[in-house]
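J.: Pasting in a structure now, in structure tokens, and then I'll have a few things to ask.
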Amino acid sequence: MSLPPGFLDELRTRVSLSQVVGRKVMWDKRKSNQGKGDMWAPCPFHHEKTASFHVDDRKGFYYCFGCHAKGDALSFIQETENVGFMEAVEILAGEAGMPMPARDPKAAQKADRRTQLIEVMEQAVQFFRLQLKTGSAGPARDYLAGRGLSPAALDRWEIGFAPDGWQNLWDHLTGKGVAPDLILAAGLAKPSDRGKNPYDVFRNRIMFPIRDARGRAIAFGGRAMDPNDNAKYLNSPETDLFDKGRSLYNHGPAREAAGREDNPLIVAEGYMDVIALSEAGFRATVAPLGTAVTEHQLHMLWRISPEPVIALDGDTAGLRAAMRVIDLALPLLEAGKGLRFAIMPAGQDPDDVIRAGGPEAVADVLAQAQPMVRLLWQRETEGKVFDSPERKAALDKELRIAISKIKDPSLKLHYGQEIKALREELFGYQPAARREWSGERSFGGGFGGKGGRGRAPWRGAAAPVLSSTKTSTLVTATPEHHAEMREAVILATLITHPCLIEEFEGELERLHPRTEDHHRICTTLITMLDEEMPTDLRADLTARIGPAPLEKLFRQSHVQIAPPMRNPHDTEKARLCISEELAKLRVAEGAETEIEDAISELSLAEDERLTWRLRQLADQRSRMGRSGDEDKADFDIGPNGARMDRDERNAFDELLGKIGFSKDQGGAS
């Protein structure tokens, strides 16, 4: 099967090599530097005790200094899983959430065409570079010299010039034998609507080649020399080579520099900012291409550095751009992946700062870069007056809405705590210090009265942690893990009792599987409802989605001990089990949402009402685990409220009957 152009590049961008390799090795914490993506471990390919296996997460390559094994994420999957190339692609695509493309018989032709387009782009690069040395480019050379660029810098950045005129590049390329359709497809010319020859896209502009991460020319950016031109900067149109929302200017060199140097990855606004910063020594600098930063570009930035610095001009437009990045980034934040913002002095861009104070001035601005939570606070409070409860409440609401976009619960809590501290600083309000653990109730009086009897022996210190607490399910498992377990039981029960699938069709469609395997199984079961149900559902599912998902599903211990697995012919027990697990899932999901909302509110303002709300939700989750319908098929409730195994009770009653006792009386019959 041939893959479409760009699919593998996209896959490698989305997948972290250290996460792929980390499933097979134990990292050497003393030698590794996770912040730089520089990881070391004993080699998984040969037996050794020293950490000679090196993973460069930013470049996406590994190398063993012992056995000399090397490659990328795909080759690692091939070697460790003993699978072919396409199977490795499917495995990684599943982890990255990328659907495998449909079979395309013309994929090879498209790849050849991309190669031809890249060759055309390289010819255009050389043409523009030569034009910069001609007499007509004098004003352009003067402008570049005025910006502090030496001839050597012009060569390093391959800067060129598109002369004024409608068909200079067109005539040059066609004269070299380049097919007209390739020139048009590369975005270098546009067809005329007047029946004439196509005309050049770039005219009378300083030209900046845009290359992808592998160094291939994919587009151009052009700065107008005419001050009256409607577009000061103009990018190539989107083509088979160029998607501006998925590209970064100076991507390849910046990625390499970020891996070698201690300087942070800087995200500037435009070409000249990137060039000025790089020439001043900040080589790990990139820029988006004529648009606000996109979600895909954010992921590309985090692949290079866990905490890029957004360096923006100190004007209104720069601040607006920063605020847009905040709204985009909040739902994508993860532990260890964030953004910092360095705002240049008012009215200046990075080039102005370098001219005025040299590289040291830029370093000072970068050193004062603010975390994103501070800029979020600035956006919601700057220029506003909070002199009434209504205005304060409105601020709390806006901040709560912003923080609720963060998906990571731990990160959301830390954001709430930081916002709370800033809020207290603004309003001059300091809550009463929390009482240290002393065995006393918060509303006064010890458990043993004023005399102190019954107080815990650890007064004034944290309560000791019991060993049973450390190993309890409450500590070791997460709500997400519990949900996955319930999903597994539901799906396994439906597969072993296919007659129930149609009955629970609606619940299946509303299910939100937590794992890729569960999602594939659930989707396939729903699809099969439109077909005649096979005699052996498990075998049919295996043929459709492969053996691995089902083997993994039925291998889990909590699935094997579920009542429907122990009694595969009891349909009623299976129905009760599915209903019970679905009900618990719904309650858990609702409780998690409520708890997250309450925590967000609690992080902004301490409130007895919110404390009560959290306590009620905790009670609700506790009752969820003791549902009145739980295991009715297996247990009866005794007079004292204890659960009794129904089969054992029936056997005991039968025995009592044989020896002359009635189960309803305590003496002999």
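The values are calculated or read from the model by the stated rules, or taken from the named source; none is laboratory data. Not measured: the values here are computed from a predicted model. For neighbour counting, all protein chains shown are included, and Cβ atoms are generated from backbone atoms with ideal geometry for every residue, glycine included.
J.: Restricting attention to the stretch 308-335, report how many residues are more than 10 Å from residue 267 (Cβ to Cβ), in contact (Cβ under 8 Å) with a residue 60 or more places away in the chain and outside any helix (DSSP H, G or I).
T.: So the answer is 3.
J.: Give the stretch 231-248 a look and list any residue that's touching a Leu at 6+ places or on another chain (Cβ under 6 Å) and either among the aliphatic types (A, V, I, L, M) or assigned to a strand (DSSP E or B) (or both), or say none.
T.: Within the stretch 231-248, 235, 241 meet the criteria.
J.: Check 516, 487 and return the single one that is in the same structural domain as residue 571 (by TED's automatic domain parsing), closer than 14 Å to residue 580 by Cβ and either in contact (Cβ under 8 Å) with a residue 60 or more places away in the chain or buried (at least 18 other Cβ atoms within 10 Å of the Cβ) (or both).
T.: Step by step, each of 516, 487 is checked, and only 487 is in the same structural domain as residue 571 (by TED's automatic domain parsing), closer than 14 Å to residue 580 by Cβ and either in contact (Cβ under 8 Å) with a residue 60 or more places away in the chain or buried (at least 18 other Cβ atoms within 10 Å of the Cβ) (or both).
J.: Can you tell which of 448, 444, 452 is modelled with pLDDT under 90, part of a loop (DSSP other than H, G, I, E, B), of a type in the set (Gly, Ala, Ser) and exposed (fewer than 12 other Cβ atoms within 10 Å of the Cβ)?
T.: One residue alone meets the criteria, 444.
J.: When you go through (1) in contact with a strand residue (DSSP E or B) (Cβ under 7 Å, 6 or more places away or on another chain); (2) modelled with pLDDT under 80 one by one for residue 108, which number turns out not to apply?
T.: Condition (1) is where residue 108 drops out.
J.: For the stretch 169-181, enumerate the residues that are over 11 Å from residue 124 (Cβ atoms) and either outside the structural domain of residue 233 (by TED's automatic domain parsing) or not β-branched (Val, Ile, Thr) (or both).
T.: Of everything in the stretch 169-181, those that are over 11 Å from residue 124 (Cβ atoms) and either outside the structural domain of residue 233 (by TED's automatic domain parsing) or not β-branched (Val, Ile, Thr) (or both) turn out to be 171, 175, 177, 179, 180, 181.
J.: Which one of these is part of a loop (DSSP other than H, G, I, E, B) and either of a type in the set (Phe, Trp, Tyr) or surrounded by 14 or more Cβ atoms within 10 Å (Cβ to Cβ) (or both): 66, 94?
T.: Step by step, each of 66, 94 is checked, and only 66 is part of a loop (DSSP other than H, G, I, E, B) and either of a type in the set (Phe, Trp, Tyr) or surrounded by 14 or more Cβ atoms within 10 Å (Cβ to Cβ) (or both).
J.: Now for a separate question. Residue 22 - would you say it is surrounded by 14 or more Cβ atoms within 10 Å (Cβ to Cβ) and touching a residue at least 60 places away in the same chain (Cβ under 8 Å)?
T.: Taking the combined requirement at face value, the residue does not satisfy it.
J.: Output the residue which, of all residues in the stretch 212-243 that are within 17 Å of residue 273 (Cβ to Cβ) and basic (Lys, Arg), is modelled with the lowest pLDDT.
T.: Ranking the qualifying residues of the stretch 212-243, first place goes to 232.
Condition check ((1) loosely packed, with under 15 Cβ neighbours inside 10 Å; (2) without any contact (Cβ under 8 Å) to a residue 60 or more places away in the chain) across all residues:
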{"residue": "98", "(1), (2)": "no, no"}
{"residue": "101", "(1), (2)": "yes, no"}
{"residue": "112", "(1), (2)": "yes, yes"}
{"residue": "117", "(1), (2)": "no, no"}
{"residue": "145", "(1), (2)": "yes, yes"}
{"residue": "152", "(1), (2)": "yes, yes"}
{"residue": "156", "(1), (2)": "yes, yes"}
{"residue": "178", "(1), (2)": "no, yes"}
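J.: Restricting to helices (runs of 4 or more DSSP H) lying wholly in the stretch 472-525: which have 3 or more residues that are at pLDDT 90 or above?
T.: It comes to 479-496.
J.: Inspect the stretch 566-575 for any residue being crowded, with 18+ Cβ neighbours inside 10 Å, at pLDDT below 85 and either in contact with an Asp or Glu (Cβ under 6 Å, 6 or more places away or on another chain) or more than 22 Å from residue 87 (Cα to Cα) (or both) and give the result as yes or no.
T.: no
J.: With the structure loaded, tell me whether residue 89 is outside the structural domain of residue 514 (by TED's automatic domain parsing), assigned to a helix (DSSP H, G or I) and of a type in the set (Val, Ile, Thr) or whether it fails that test.
T.: yes
J.: Just to be sure I understand, how many residues within the stretch 345-392 are of a type in the set (S, T, N, Q), under 22 Å from residue 265 (Cβ atoms) and in contact with a helix residue (DSSP H, G or I) (Cβ under 9 Å, 6 or more places away or on another chain)?
T.: Total meeting the criteria: 2.
J.: Hey, among 60, 71, which residue is in the same structural domain as residue 87 (by TED's automatic domain parsing), within 23 Å of residue 12 (Cβ to Cβ) and touching a residue at least 24 places away in the same chain (Cβ under 8 Å)?
T.: When all the criteria are applied, what remains is 60.
J.: Also, I was wondering about something else. Tell me, please, whether a residue that is more than 21 Å from residue 210 (Cβ to Cβ), surrounded by 19 or more Cβ atoms within 10 Å (Cβ to Cβ) and touching a helix residue (DSSP H, G or I) at 6+ places or on another chain (Cβ under 9 Å) can be found in the stretch 289-298.
T.: no
Conditions tested, residue by residue: (1) among the aromatic types (Phe, Trp, Tyr); (2) not in a strand (DSSP E or B).
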position	(1), (2)
18	no, yes
21	no, yes
26	no, yes
30	no, yes
40	yes, no
45	yes, yes
48	no, yes
54	no, no
59	no, yes
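J.: Right, residue 545: β-branched (Val, Ile, Thr) and either at pLDDT below 85 or under 15 Å from residue 498 (Cα atoms) (or both) or not?
T.: It is false that residue 545 is β-branched (Val, Ile, Thr) and either at pLDDT below 85 or under 15 Å from residue 498 (Cα atoms) (or both).
J.: Can you give me the number of residues within the stretch 320-347 that are farther than 24 Å from residue 299 by Cβ and modelled with pLDDT under 85?
T.: Final tally of qualifying residues: 2.
J.: Inside the stretch 338-392, can you point out the residues that are of a type outside the set (S, T, N, Q), assigned to a loop (DSSP other than H, G, I, E, B) and farther than 15 Å from residue 312 by Cα?
T.: Answer for the stretch 338-392, where residues must be of a type outside the set (S, T, N, Q), assigned to a loop (DSSP other than H, G, I, E, B) and farther than 15 Å from residue 312 by Cα: 338, 382, 383, 384, 385, 386, 387.
J.: State yes or no: is residue 561 loosely packed, with under 14 Cβ neighbours inside 10 Å and at pLDDT 80 or above?
T.: Considered against the rule, which asks whether it is loosely packed, with under 14 Cβ neighbours inside 10 Å and at pLDDT 80 or above, residue 561 comes out as yes.
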